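The values are calculated or read from the model by the stated rules, or taken from the named source; none is laboratory data. What you are looking at is a predicted structure, and each value in this text was computed from that prediction instead of being measured. Backbone-built Cβ (ideal geometry, glycine too); neighbour counts: all protein chains shown. For accessibility, only protein heavy atoms count, side chains too; no ligands or nucleic acids. Shrake-Rupley method; radii C 1.70, N 1.55, O 1.52, S 1.80 Å.
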Amino acid sequence: MRKRTKNTLTATVGLGAAAALTATALTWVGGDTADNSALTSAEAAEPGELVWSDEFDGAAGDAPDPANWNHETGDHGWGNQELQNYTESRENSALDGDGNLVITARQEADGSYTSARMTTQNNVEHSFGRVEARVQLPSGQGIWPAFWMLGSDFPETEWPDSGEIDIMEFIGSDVGTVHGTVHGPGYSGGEGVGASYDHPEGGDFSDDFHVFAIDWEPGSITWSVDGVPFNTITSEDVGGEWVYDQEFFMILNVAVGGEWPGYPDETTDFPQEMKVDYVRVYDLA
């Protein structure tokens, strides 16, 4: 998610519930589109055994489990000219008592913005298998939620050499599309490699919960939404070093503003909530 600029030539792949059994995804590399591996099924493969999960069960107002999640804090723009100050406050991240983690972006009385950015670094780090979250997204001009990963050797290994896997990014002014991308040495920021997925019914991804996932193997990552795969990227597709055959940690956040989504305006309502029903990690089948 970090240090990315808007690229208007991302490939869009929409697969409806009645999609054909073979669908070809597209990748983008800095604005050029190219055929990627053919996806041979309209449904993602079954995952292996569940090895870790956070179901966010707990009382309303409780903090997310500190054995799983760290809070990164600050208001320094995060490499994207973002506006929010990430805090540890329960006003910005808390359980709702109904089995969800809620990350809330707020506009404060002085006009500033607060939100939360949570990571599993040094707590939960994993390589390969399926990584998924069931999420209801916020929306609005300048709202930028994401579920993503960084290599476990970050920051000792600097970005982008550490590797970044964006399982889901959502630009709140474009409610019918989500994005999945990798960033690595030689293909980062606006040169990241990924694809976009359109709501199969032409709807709004913020209207309900959806499952965002990757199926991750040595040399290969496949993205899916609600069990429908929409892109596969292999080590041959990135045009640089493949840095994903290692452990990564997970990140959940809601940014406000930034170079890619733009900035809130008079149409943007606050507060905005990202509700996370669960995050799960499975071994390879």
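Measuring only protein heavy atoms, the 1.4 Å probe finds TRP242 accessible over about 40 Å². Would you look at the GNM of the chain, springs on alpha carbons closer than 10 Å, and say which of GLN84, GLN246, GLN136 moves the most? Looking only at GLN84, GLN246, GLN136, the largest GNM fluctuation is found for GLN246.
Between SER235 and ASP208, full extension at 0.36 nm per residue minus the direct alpha carbon distance yields a gain of 6.3 nm. Spin-label model, THR73/LEU50: points 7 Å from Cα along the beta carbon direction are separated by 3.3 nm. When the solvent-accessible area of segment 85-242 is split by element, carbon and sulfur atoms take up 38 percent of it, the probe being 1.4 Å. Computed from point charges on the beta carbon alone (+1 for Lys and Arg, -1 for Asp and Glu), the dipole magnitude for segment 94-196 about its Cα centre is near 320 Debye. Taking a point 7 Å out from the Cα of GLU156 in the direction of its Cβ, the residues of segment 241-274 whose backbone N falls within less than 16 Å of it are 246-249. Using a Gaussian network model on the chain with a 10 Å cutoff between Cα atoms, which of ALA63, ALA105, ALA116 fluctuates the most? Ranking ALA63, ALA105, ALA116 by mean-square fluctuation puts ALA63 first. Take the alpha carbon atoms of segment 243-285, find their center, do the same for segment 72-104, and report the distance between the two centers in whole angstrom. Centre-to-centre (Cα) distance: 10 Å.
Taking all protein chains as shown and a probe of 1.4 angstrom, ASP174 keeps an accessible surface of around 70 Å². Put a plus charge on the Cβ of each Lys and Arg, a minus charge on the Cβ of each Asp and Glu, and nothing anywhere else: the dipole of the chain about its Cα centre is then about 320 debye. Distance between the 7 Å Cα→Cβ label points at TYR263 and GLU108: 1.8 nm.
In the context of the full protein assembly, ASP226 retains an accessible surface of approximately 80 Å², using a probe radius of 1.4 Å and ignoring ligands and nucleic acids. Local charge for VAL254 was computed over the other residues whose Cβ lies under 12 Å away, with Lys and Arg +1 and Asp and Glu -1, and equals 0. Charged neighbours of ALA59, selected by a Cβ distance under 13 Å, balance to -4 (K, R count +1; D, E count -1).
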